[in-house]
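**Student:** Handing you this structure, nothing more for now.
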Amino acid sequence: EQKAKEEELKIYQHILKNNWDAVVFADMTGIVRYANSSAYEFYGYEEGELIGLNIDIFNSGKTIETQRIIDAIIQKGGWSGELVQRKKDNSLLQALLTVSLVTNEQGQPIGFSSNSKDISEKKYYEQKLLEVRNFLDSIINAIPTPVFVKDFLHNWILLNDAFCSFIGFTREELLGKSDYDFFPRDEADTFWY
């Protein structure tokens, strides 16, 4: 039984060490007790530097305070969300953070395990996509003729103001809907093709 537990522990250690996401374990006081190599790369620290530091070092000052997250983890067993984290060089990154409460065999809390994924690039491209979408909206809204774009399921995904006025519904009421939601079936059949 002891040998089986040791083998299981080796497997867990291998998984943690080779995980691409930043994995950090902190005790109940918030002191880092373990960090995988991805965590050192993720936060810009040298191997071993994180051990003994408080997890507040990751707090950007632009997120909810660490204690509120810890309280939520203790009450619910975990917390997940997007937040801004601080690296060693004080640069900031957008992270998807999942934190779980870790308990011992008696069920007593002994610390927190966190898994962080850098989503800075994703957020950057989401912002650029929003800017392009807003630019496109402004262009098609300048056209006085009704204009619409449908997806492959024939649902409206882009509309100009003239189209909304012509149909008599708001953009919010029309987006994601199809002709069948607003016209009699025989008319919608004609528009469908």
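The values are calculated or read from the model by the stated rules, or taken from the named source; none is laboratory data. As the structure is a prediction and not an experimental result, all values here were calculated from the model. Positions of Cβ are backbone-derived with ideal geometry, glycine not excepted, and every protein chain shown enters the neighbour counts. Only protein heavy atoms, including side chains, enter the accessible area calculation; ligands, DNA and RNA are left aside. Shrake-Rupley method; radii C 1.70, N 1.55, O 1.52, S 1.80 Å.
**Student:** Might you check whether a residue that is in a strand (DSSP E or B) and open to solvent by 60 Å² or more (accessible area, probe 1.4 Å) occurs anywhere in region 181-193?
**Tutor:** No.
**Student:** Out of all the residues in region 51-105, which are on the phi > 0 side of the Ramachandran plot, open to solvent by less than 50 Å² (accessible area, probe 1.4 Å) and either among the aromatic types (Phe, Trp, Tyr) or at pLDDT 90 or above (or both)?
**Tutor:** Within region 51-105, just Gly52 meets the criteria.
**Student:** Of the numbered conditions (1) part of a helix (DSSP H, G or I); (2) modelled with pLDDT of 90 or more; (3) closer than 28 Å to Gln94 by Cβ, Phe166 fails exactly one; give the number of that condition.
**Tutor:** That leaves (3) as the condition not met.
**Student:** Test Gly44 against the criterion of being closer than 20 Å to Ser120 by Cβ and open to solvent by 20 Å² or more (accessible area, probe 1.4 Å), and give yes or no.
**Tutor:** yes
**Student:** Also, I was wondering about something else. Could you tell me whether any residue of region 120-140 is at negative phi and part of a loop (DSSP other than H, G, I, E, B)?
**Tutor:** Checked region 120-140: no residue is at negative phi and part of a loop (DSSP other than H, G, I, E, B).
**Student:** Go through region 2-33 and give me each residue that's at pLDDT 75 or above and surrounded by fewer than 16 Cβ atoms within 10 Å (Cβ to Cβ).
**Tutor:** Selection gives Lys3, Trp20, Asp27, Met28, Thr29, Ile31, Arg33.
**Student:** Further, regarding this structure: Within region 111-128, can one find any residue that is surrounded by 10 or more Cβ atoms within 10 Å (Cβ to Cβ), over 21 Å from Ser37 (Cα atoms) and of a type in the set (A, V, I, L, M, F, W, C)?
**Tutor:** No: region 111-128 contains no residue that is surrounded by 10 or more Cβ atoms within 10 Å (Cβ to Cβ), over 21 Å from Ser37 (Cα atoms) and of a type in the set (A, V, I, L, M, F, W, C).
**Student:** Kindly evaluate Val149 against the criterion of being out of contact with any Phe, Trp or Tyr (no Cβ under 6 Å at 6 or more places or on another chain), open to solvent by less than 80 Å² (accessible area, probe 1.4 Å) and closer than 29 Å to Phe191 by Cα.
**Tutor:** Considered against the rule, which asks whether it is out of contact with any Phe, Trp or Tyr (no Cβ under 6 Å at 6 or more places or on another chain), open to solvent by less than 80 Å² (accessible area, probe 1.4 Å) and closer than 29 Å to Phe191 by Cα, Val149 comes out as yes.
**Student:** How many residues are within 16 Å of Leu136 (Cβ to Cβ) and crowded, with 16+ Cβ neighbours inside 10 Å if we restrict to region 152-170?
**Tutor:** 8
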